[in-house]
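Everything on this sheet refers to the single structure shown next.
The values are calculated or read from the model by the stated rules, or taken from the named source; none is laboratory data. Because the structure is predicted, anything quoted here is derived from the model rather than measured. All Cβ positions, even for glycine, are placed from backbone atoms using ideal geometry, and neighbour counts span all protein chains on display. We work out accessible area using only protein heavy atoms, side chains counted, and drop any ligands, DNA or RNA first. Shrake-Rupley method; radii C 1.70, N 1.55, O 1.52, S 1.80 Å.
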2 protein chains.
Amino acid sequence: MIVNKLKDLREKMLKQSVRSEDWTQEGLAKRLGVTRQTIISMEKGTYNPSLVLAFKIAHEFGMAIEDIFEYRAEKK
Amino acid sequence: MIVNKLKDLREKMLKQSVRSEDWTQEGLAKRLGVTRQTIISMEKGTYNPSLVLAFKIAHEFGMAIEDIFEYRAEKK
DNA sequence: CTTAAATGTAAAGTTCACTTTACGTTAAGT
DNA sequence: ACTTAACGTAAAGTGAACTTTACATTTAAG
């Protein structure tokens, strides 16, 4: 199971950023090369990004993957 | 594009490990909960692991995802 | 040399990340 | 109140990650 901080991080950037349009769901989606639906589903936790997308996201936020996504071993 | 060090890392563990059967393709696959085919394809670079699997792999090797997988921006 | 473990290859099937389209709701400015 | 940007939801389609099965090749050890 993977937990992520995407929603909080993006909303924080939205508030802080001068170019706030860069951090709307749509703005971020465009920079990542995905659709807005993809952002929504990730923020909701409906599904996990691919490793490639996780790398792109980490790059956009200037953080390591492990700072944004946390893996928790499944409870069997 | 993602480059990985899986083959080298696993072979290194194979040589160093006392319980070498833990680091055969089959042994590693079982611990990761995937098939041997999956290991082969990742080592060949045929496909990239999901983020969940990347986390599990990093955990098995005791390393960070970024130490095993490297993202290189696509040349358009 | 022989045998068995480990690795490689190939191909069809399943699942899920991601797209596409379309419409509904919320928030904020004027 | 009106408008519009931003956010949310739903559902069908595509492609790639991953499985399953089966067989062939390499490597190491007796």
Checking the table A:Lys7/A:Lys56; A:Lys30/A:Lys56; B:Lys30/B:Lys56 against a 18 Å threshold on Cα-Cα, which pairs fail? none
How many Å² of accessible area per residue for the range A:2-71, probe 1.4 Å? 57 Å²
Among B:Ser41, B:Ile65, B:Leu9, whose Cα lies farthest out toward the positive end of the dipole of chain B, if unit charges sit on the beta carbon of Lys, Arg (+1) and Asp, Glu (-1)? B:Ser41
Give a residue-ordered list of calculated ³J(HN,Hα) values for the range A:24-38 (Karplus: 6.51 cos²θ - 1.76 cosθ + 1.60, θ = phi - 60°; whole Hz; x for Gly, Pro). 6, 4, 5, x, 5, 4, 4, 5, 8, x, 10, 8, 5, 3, 4
Determine the calculated [θ] at 222 nm for chain A from helices alone, applying -39500 (n - 2.57) to every DSSP H run no shorter than 4 residues and normalising by the residue count; nearest 500 deg cm²/dmol. -15500 deg cm²/dmol
Below 13 angstrom from the Cβ of A:Met42, what's the summed charge of the other residues (Lys, Arg +1; Asp, Glu -1)? +3
Taking just the alpha-carbon atoms of chain A, what radius of gyration and Dmax come out, in angstrom? 12.3, 46
Distribution output for the protein assembly as shown: share of Cα-Cα pairs per 10 Å bin in percent, first bin at 0, values 10, 38, 31, 15, 6, 1
Output ³J(HN,Hα) for the range B:62-73: one whole-Hz value per residue in order, computed from phi by the Karplus curve 6.51 cos²θ - 1.76 cosθ + 1.60 with θ = phi - 60°, and x for Gly and Pro. x, 10, 8, 3, 5, 7, 10, 10, 10, 9, 10, 3
Ascending list, in nanometres, of distances separating the A:Thr24 label from those of the other copies (7 Å, Cα toward Cβ): 5.7
Tabulate in residue order the Karplus-calculated ³J(HN,Hα) for the range A:50-58, using 6.51 cos²θ - 1.76 cosθ + 1.60 with θ = phi - 60°, rounded to whole Hz; enter x for Gly and Pro. 5, 4, 4, 5, 4, 5, 4, 4, 4
Whole-angstrom gap from the range B:5-76 to the range A:4-56, using each part's C-alpha centre: 28 Å
Residue mean of other protein chain beta carbons inside 10 Å, A:56-63: 1
What is the range A:1-40 by shape, rounded, prolate or oblate, if you read a ≥ b ≥ c off the alpha carbon gyration tensor as root eigenvalues and call it rounded for a/c under 1.5, prolate for a/b larger than b/c, and oblate otherwise? oblate
